[in-house]
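Student: Quick one: the structure is below, and I'll ask about it shortly.
A short reminder: the numbers here are calculations on the coordinates, not readings from a lab. From a predicted model like this one, the values you see are computed outputs, not experimental measurements. Because the Cβ atoms are built from the backbone with ideal geometry, glycine has one as well, and the counts that use them run over all protein chains shown.
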Amino acid sequence: MAYNKEGKWKGMALIHDNLSLVKSKISEAARRVHRKPEEVELIAVSKTFPSEIIREAVEVGHRLFGENRVQELLGKIGDLPSDLRWHLIGHLQSNKVRKILPVVEAIHSVDSLDLARDINRIAAELGLFPKVFLEVNVAGEATKHGFDPAGVEAALEDLLKLDRLEIQGFMCVPPISEKPEDSRKYFVLLRELRDKLAKRAGVPFTGLSMGMSGDYAVAVEEGATLVRVGSAIFGGR
Ligand SMILES: *Cc1c(COP(=O)(O)O)cnc(C)c1O
């Protein structure tokens, strides 16, 4: 943890600086490709960090947070102001859908038709219309969740019948790499897949959730509308 010379915790200043830096890099990346910076939303990924640390980001005006575990998210929501926006970005088990649906603004990790159907059914029971993203396993990694690109294409017709789901678009997590440029081809793949499926379905699918601490600038250059940034804001985990 970071302390200043007087031994006082200086976390708030750091988080503020980190948020400003990430936002300015998002703006620069957007301008490089003639996009408007406002087209890109920053999700501060607060997983593993306690509510007191998240509160520091709230105190400097941040409102949109991402968590990857249902239990952890539910625990933190209770500690923090009720006007925050929460997105679930990690794998969701069907038995947790009922708990999470009422509290999140969006689910980025819809990774199978079965899960989509469960969310749709429970949303109907609860009277909700959840915003969701379809997670695509862009590199076909055995360790990752997500539709494979051909699979999401094959499932699209059935997914569109789920009338409770507001499908925003697509999400991906490229293979881990030291080099941001390594992610570019996967971001392009996701965007082109979106373009193709949007045309076929006649639905815009404007949302592209892609880019993390290491590669969010590249993601913005390739069309991300939401970047999910954790360690560059809160520090290493
Ligand atoms: C943890 C996580 C992030 C943020 O990762 P950082 O490298 O810390 O920015 C983004 N997306 C998902 C799905 C995650 O699990």
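Student: Are there any pairs with C-beta distances below 6 angstrom linking a residue in region 70-92 that is within 13 Å of Ile43 (Cβ to Cβ) to a residue that is more than 13 Å from the ligand (Cβ to nearest atom) and of a type in the set (Lys, Arg), with the two at least 6 apart or on different chains, and if so which?
Tutor: Once the first residue is within 13 Å of Ile43 (Cβ to Cβ) and sits in region 70-92, its partners that are more than 13 Å from the ligand (Cβ to nearest atom) and of a type in the set (Lys, Arg) give Leu84/Arg63; Arg85/Arg63.
Student: Can you spot a residue in region 223-231 that is exposed (fewer than 15 other Cβ atoms within 10 Å of the Cβ), over 29 Å from Leu14 (Cβ atoms) and away from the ligand (no atom under 11 Å from the Cβ)?
Tutor: Within region 223-231, none of the residues are exposed (fewer than 15 other Cβ atoms within 10 Å of the Cβ), over 29 Å from Leu14 (Cβ atoms) and away from the ligand (no atom under 11 Å from the Cβ).
Student: Between a residue in region 196-223 that is at positive phi and any residue that is in a loop (DSSP other than H, G, I, E, B) and of a type in the set (D, E, K, R), which pairs come within a Cβ distance under 6 Å, given they are 6 or more apart or on different chains?
Tutor: Matching pairs, first to second residue: none at all.
Student: Also, I was wondering about something else. If you check Pro130 against the conditions, is it of a type outside the set (Val, Ile, Thr), closer than 22 Å to Gly78 by Cβ and in contact (Cβ under 8 Å) with a residue 12 or more places away in the chain?
Tutor: Yes: the conditions hold for Pro130.
Student: For Phe49, which of the numbered conditions (1) within 28 Å of Ala150 (Cα to Cα); (2) touching a helix residue (DSSP H, G or I) at 6+ places or on another chain (Cβ under 9 Å) fails to hold?
Tutor: (1)
Student: In region 194-206, is there at least one residue being within 11 Å of the ligand (Cβ to nearest atom) and of a type in the set (D, E, K, R)?
Tutor: Checked region 194-206: no residue is within 11 Å of the ligand (Cβ to nearest atom) and of a type in the set (D, E, K, R).
Student: For the list (1) touching a helix residue (DSSP H, G or I) at 6+ places or on another chain (Cβ under 9 Å); (2) surrounded by 22 or more Cβ atoms within 10 Å (Cβ to Cβ); (3) closer than 30 Å to Lys185 by Cα, I need the number of the one condition that Ile119 fails.
Tutor: So the condition that Ile119 fails would be (3).
Student: Which residues, counting only those in region 38-47, are more than 16 Å from the ligand (Cβ to nearest atom) and in contact (Cβ under 8 Å) with a residue 12 or more places away in the chain?
Tutor: Glu39
Student: I need the full set of residues from region 106-116 which are touching a helix residue (DSSP H, G or I) at 6+ places or on another chain (Cβ under 8 Å) and within 16 Å of the ligand (Cβ to nearest atom), in order please.
Tutor: Answer for region 106-116, where residues must be touching a helix residue (DSSP H, G or I) at 6+ places or on another chain (Cβ under 8 Å) and within 16 Å of the ligand (Cβ to nearest atom): Ile107, Val110, Leu115.
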